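Each remark here refers to the structure printed beneath this line.
The values are calculated or read from the model by the stated rules, or taken from the named source; none is laboratory data. All figures in this text were calculated on a predicted structure; none of them were measured in a lab. Glycine also receives a Cβ, built like all others from the backbone with ideal geometry; neighbour counts cover every protein chain displayed.
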Amino acid sequence: MAYRIIESCVNCWGCEPLCPSNAIQAARPHFVIDGGACTECDGDYADPQCASICPVEGAILDGLGVPVNPPGSLTGIPPEHLVQTMAEIRAR
Ligand code: SF4
Ligand code: SF4
């Protein structure tokens, strides 16, 4: 099984140097993970290093296609409150 980066990746380079398997490559339109090289960090780290550093919720999927950092996990804002919260922030 391998992790996967999807289109919401903002190409920040955060994950690339952390991968113990050199499985992450800069590409367009977004970074990609070589599925044949990704080890899910098994044997190197307890947590997948790419997902641990990634600042974008939902940008990295695990081997089952589940977001490792699902919506709300990094911001602390429940998805159902996001629209209202963003409106309040913009009104400040
Ligand atoms: S899960 Fe680990 S091995 Fe796989 S791409 Fe991310 S950092 Fe690299
Ligand atoms: S850390 Fe996340 S947003 Fe940054 S390049 Fe990697 S996948 Fe993309």
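Among the residues of the stretch 9-21, are any within 12 Å of ligand 1 (Cβ to nearest atom), touching a Pro at 6+ places or on another chain (Cβ under 8 Å) and either at pLDDT 95 or above or within 28 Å of Ile77 (Cα to Cα) (or both)?
yes
What are the residues in the stretch 22-64 that are farther than 12 Å from Tyr3 by Cα and of a type in the set (S, T, N, Q), if any?
Matches in the stretch 22-64: Asn22, Gln25, Ser52.
Condition first: β-branched (Val, Ile, Thr) and either touching a strand residue (DSSP E or B) at 6+ places or on another chain (Cβ under 9 Å) or assigned to a strand (DSSP E or B) (or both). Now tell me which residues in the stretch 1-44 satisfy that.
Ile5, Ile6, Ile24, Val32, Ile33
Can you name the condition, by its number, that Thr75 falls short on among (1) at pLDDT 95 or above; (2) over 18 Å from Asn11 (Cα atoms); (3) polar (S, T, N, Q)?
So the condition that Thr75 fails would be (1).
Filtering the stretch 65-92 down to residues that are among the small types (Gly, Ala, Ser) and without any contact (Cβ under 8 Å) to a residue 40 or more places away in the chain, which residue is nearest to Met1 (Cα to Cα)?
Across the stretch 65-92, the extreme among qualifying residues is Ser73.
Where residues in the stretch 30-52 are loosely packed, with under 13 Cβ neighbours inside 10 Å and closer than 22 Å to Leu74 by Cβ, which of them is farthest from the chain's Cα centre (by Cα)?
Checked the stretch 30-52; the qualifying residue farthest from the chain's Cα centre (by Cα) is Ala46.
Working only within the stretch 59-71, note down all residues that are closer than 13 Å to Val10 by Cα and either more than 10 Å from ligand 2 (Cβ to nearest atom) or not in a loop (DSSP other than H, G, I, E, B) (or both).
Selection gives Ile60 alone.
How many of the residues making up the stretch 1-38 are closer than 18 Å to Val66 by Cβ and not basic (Lys, Arg)?
Matching residues across the stretch 1-38 total 12.
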